[in-house]
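Taking it in order: structure first as structure tokens, then the write-up.
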Amino acid sequence: MVLVPSLLILMLLAASCPAVAGETSPWAAWPAMRERGGEVLVWNRAYRPGPTGLPERMRSGGRQMLASPVRLDISCGGKPLRLRPVTALKLVTKPESVTYSAESRGGGVDVTVRALIEPDGMWRVDVEIAPNAEVDLTSLRLVIPVTREHSRLLHWVPIPRNWPRVTFPESWIHPNSGARPKIWQSPFTPCVWIGDEDGGLEWFAETDEKWRPADADRALTIAEAGGAAELTAHIIEQPTRLRKPLKFTFGLQAGPVKPRPAHLRQGRFGYTHWGVFGMETKVREGTSPPVTQLDYLKGLGARFAGMHEDWTDYQGQPRVMDPGKMKSLASACHERGMGLVLYHSLVVPNILPGFEALSKDCLTEPEGANYIHAREPTQYDYPACHASRFASEWCAGIEELFEEYEIDGLYLDGAASPIPCANTKHGCGYRDASGNLRPTYPIFATRETMKRLRAICDARKRPALIVAHMSTMLTLPTLSFADLLLTGEQYWKAPDDFRPPLEFFRTESMGHNHGLPTDFIGYAPLGGEYARTIIALHNAPSSWCPGGTDMWKLYDRFDVDGAKWAGYWSKEPLATTGESNVLVSGFVHKSGRALLAVGNLNREPKQVTLSLAASVKGLRQAMDPLTQEKLDVESAKVDLELGAEQVRWIWLEPAPPRTGP
């Protein structure tokens, strides 16, 4: 039986938080919560619970994300129930939480809803259905009608396909991010996101313990109905004799989830990875005049330098192998106005003192359920669970690391994701009707860990970065406390000729729709010119891809902070080519100039004619800003040659004023 943190406990924790975000608060990035006419106002969003306590309206950026109120479709004895409220809903509003409860009744059952909303827009809903006497529950479905206009894209967290051995499906064979089909079905998965390039709505739940769908492969479905794409959780579809209260928990979160942070400048945080001890003194080969590796990175535009696992001998743990070198590197970064970010993962190395005791109640189970790492010094590193006591000990060690070495951020390798766990010793997992052990997903425990890490970072009083390597686990309730996401590594074993659909990038690899900038990891087979083109077309400059740091410099020169972006998918793109696989995205600056990325996604060269849209038609001077080549503009058209999977940048300016007769 899964032991989810009770809503009462979470309410008490919320009530104990300071009224104004400070050193102990994870909420520094968000404004205080407010209530207005029955609506709960969080940053850029407005939520309204209905009379029964279920979400009635959810607006994000002025857009209505729900086509109609969320509803419970309940049938008893084959007859649908009509619930009527029996208490007036009252919001209890504090700067860092809003709570409420509501009761309704009908057909011999009482339904109680208790809810918690937090500043990042996480809306948790606990539902209890209590029979007045024994009743035959025929069906129970939770329906979330997402506005169809805003639901072109879909993502769900991939689930293990052969539990308990656990092999996750290959993303290139079984994609879980892309265009939303008209009809979709899936076994239970803890998170489903539906949205478009500007925002979306994520449903989440930790467990399907009480679920009895008619078909386990259709526990979750999406179908179009009028102006909605209805996500349905098929909780009960087999006749069930209800003798005691049935309880379940779900959540919703609209995105984008957070404001743009002050240290996101010119489209980037300037994060680079693969730093090493001594890079503040070691000269980079091939530089003239000679510069150190750290100065070279700064020259590229880096503002944060990340180190992978080699700084510690215990994988993922806050234990410094060489304190002198760590202090020297941190100091050198600060002297250059840069920050130092260190790799962490929530694993327990078998060489860690106390491993035997920790392994009994802290690891995910079964043992082979998740990836087990191996490295030197010789060790095996076993995934731990956020719901275990180890997560708190890990956070305490990280806090000490920040204080002693004055580091500036964390690279979390999977540690921001609620991975499946069936270890009943710390409250995860459950036995199904056949007695089989099934996993649960500790979303709320992971969220509490991320809150603590966010508070640790924000207490530094200078910009700090949380980089969450989530590769295709888009779990907004846990990721909202990160600054930068990483994805793409899931494709590193894909065939050489594999290319994901463009909807994958728009769903998972831009970040604009989630409020979480995202770096695509351009490993083979998705590296090289292809990666350079993809990140340009999606306004996602990534130092993990060729051309990523060129984009940093180009964005600085153009001043993208003073410009408006239009993607190739826009209703009014800035230019077209007449070729379906040659696309154009770009910026229009408030001064009138424009910067276009023209990307050829074909595997052969293309000659195209770029036709400028009305919004940039008056710009008569064109050049390639990387090569300085001048380009001819004739009748708002530009002829271009593009190599296979190549991108070219076009800088457009108004014609200079005439100076003579």
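For the chain, what is the accessible area per residue in Å² when the probe is 1.4 Å? Please report the intermediate quantities before stating the final value.
Working: 26940 Å² over 661 residues.
Per residue, the chain has 41 Å² of solvent-accessible surface.
Using every alpha carbon pair in region 89-137, what percent of pairs falls into each 10 Å bin from 0 up to the bin containing the largest distance?
The calculated distribution, bin by bin, is 24, 41, 22, 12, 1.
Starting from the 7 Å offset along Cα-to-Cβ, what nm value, one decimal, do you get for the label separation of ARG460 and LYS553?
Simple spin-label model gives 2.7 nm for this pair.
Okay, helix-only estimate at 222 nm for the chain: each DSSP H run of n ≥ 4 adds -39500 (n - 2.57), divide by all residues, round to 500 deg cm²/dmol; what do you get?
-4500 deg cm²/dmol
How high is the relative contact order of the chain? Use alpha-carbon pairs under 8 Å, at least six apart in sequence, and give a whole percent.
That works out to 11 percent.
If you average the sequence gap of Cα pairs under 8 Å that are 6 or more apart and divide by the length of region 520-661, what percent do you get for the contact order?
Relative contact order for region 520-661 comes out at 22 percent.
I'd like the trypsin sites (Lys or Arg not before Pro) in region 554-661 restricted to DSSP loop residues with at most 13 other Cβ atoms within 10 Å, sorted by number. Don't skip to the end; give the middle numbers.
Values: sites: ARG557, LYS564, LYS571, LYS590, ARG593, ARG603, LYS606, LYS617, ARG620, LYS630, LYS637, ARG648, ARG658; in loops: LYS571, LYS590, ARG593, ARG603, LYS617, ARG658.
Taking region 554-661 and a limit of 13 other Cβ atoms within 10 Å, the loop trypsin sites (Lys or Arg not before Pro) found are LYS571, LYS590, ARG603, ARG658.
Just by accessible area at a 1.4 angstrom probe, what is the order of SER635, SER392, SER480, SER611 from largest to smallest?
Sorted descending by solvent-accessible area, the residues read SER635, SER392, SER611, SER480.
Go through region 355-456 and name the GluC sites (Glu not before Pro) that are in a DSSP coil and have 10 or fewer other Cβ atoms within 10 Å of their Cβ.
On the way: sites: GLU356, GLU367, GLU393, GLU399, GLU400, GLU403, GLU404, GLU406, GLU448; in loops: GLU406.
Sites meeting the loop and neighbour criteria: none at all.
Checking the a/c ratio against 1.5 first, then a/b against b/c, what shape does the Cα gyration tensor give for region 331-487? Display every interim value, and only then the final one.
Working: a/c = 2.18, a/b = 1.65, b/c = 1.32.
It comes out prolate by the Cα gyration axes.
What net charge do the residues around ARG593 carry, taking every other residue with its C-beta under 10 Å from that of ARG593, with Lys and Arg at +1 and Asp and Glu at -1? Don't skip to the end; give the middle numbers.
Working: positive: LYS590; negative: ASP559, GLU653.
Computed value for this residue: -1.
Post the alpha-carbon centroid distance, region 554-597 to region 447-485, in whole angstrom.
30
What accessible area, in Å² to the nearest ten, does a 1.4 Å probe give for CYS428?
Answer for CYS428: close to 10 Å² accessible.
Compute the signed sum of charges (Lys and Arg +1, Asp and Glu -1) over the other residues within less than 13 Å, Cβ to Cβ, of GLU406.
Taking every Cβ under 13 Å from that of GLU406, the sum is -2.
Rounded to the nearest whole Å³, what is the per residue volume of the convex hull around the Cα atoms of region 420-528?
Values: hull volume 16.9 nm³, N = 109.
Per-residue hull volume (Cα only) is 155 Å³.
Could you compute the net charge surrounding TRP552? Neighbours are other residues with a C-beta less than 15 Å from the C-beta of TRP552; K and R count +1, D and E count -1.
+2
Holding the Cα-Cα limit at 21 Å, pick out from LYS327/LYS461; LYS79/LYS182; LYS282/LYS325 the pairs that are longer than that.
LYS79/LYS182
Hey, what angle do you get for helix 389-405 against the long axis of the chain, alpha-carbon based, 0 to 90 degrees rounded to 10?
On a 0 to 90 degree scale, this one is about 30.
Tell me the Rg and the Dmax, in Å, that the Cα atoms of region 482-591 produce.
When restricted to the Cα atoms of region 482-591, Rg and Dmax are 14.0, 45 Å.
Give the value in nm², to one decimal: projected area of the alpha carbon convex hull of the chain, averaged over all directions.
Taking the Cα atoms of the chain, their convex hull projects to 32.5 nm² on average.
Give me the angle, in degrees from 0 to 90, between the Cα long axis of helix 7-16 and the longest principal axis of the Cα atoms of the chain, rounded to the nearest 10.
60
What FRET efficiency, computed as 1/(1 + (r/R0)^6) with R0 = 22 Å and r the Cβ-Cβ distance, is obtained for ARG241 and ARG84, rounded to the nearest 0.05? Numbers along the way, then the final one.
Numbers: r = 24 Å, r/R0 = 1.11.
FRET efficiency, ARG241 to ARG84: 0.35.
Could you tell me what percent of the accessible area of the chain is made up of carbon and sulfur, with a 1.4 Å probe and every protein chain present?
50
Please arrange LYS325, LYS79 by accessible surface area, largest first, computed with a 1.4 Å probe and ligands excluded.
On the way: LYS325 105, LYS79 140 Å².
From most exposed to least exposed: LYS79, LYS325.
Compute the Cα gyration tensor for region 41-169, then decide on rounded, prolate or oblate, letting a ≥ b ≥ c be the square roots of its eigenvalues: rounded whenever a/c is under 1.5, prolate when a/b is larger than b/c in the other cases, and oblate in all that remain.
Oblate, because a/c is 1.5 or more while a/b does not exceed b/c.
Once you have the Cα-Cα distance between ILE372 and LEU631, take 0.36 nm times their residue separation minus that, and quote the gain in nm to one decimal.
Extra length available between ILE372 and LEU631 comes to 87.9 nm.
How long is the gain from HIS263 to HIS308 if the chain were fully straight, where each residue apart is worth 0.36 nm and the alpha carbon distance is subtracted?
Stretched fully, the HIS263-HIS308 segment lengthens by 14.0 nm.
Kindly express, to the nearest 10 degrees and within the range 0 to 90, the angle between helix 443-458's C-alpha long axis and the longest C-alpha principal axis of the chain.
40
The values are calculated or read from the model by the stated rules, or taken from the named source; none is laboratory data. Bear in mind that the values here come from a model prediction, so they are computed numbers and not experimental data. FYI the Cβ positions are ideal-geometry reconstructions off the backbone, even for glycines, and counts take in every protein chain you see. Calculation scope for accessible area: heavy atoms of the full protein, side chains included, ligands and nucleic acids excluded. Shrake-Rupley method; radii C 1.70, N 1.55, O 1.52, S 1.80 Å.
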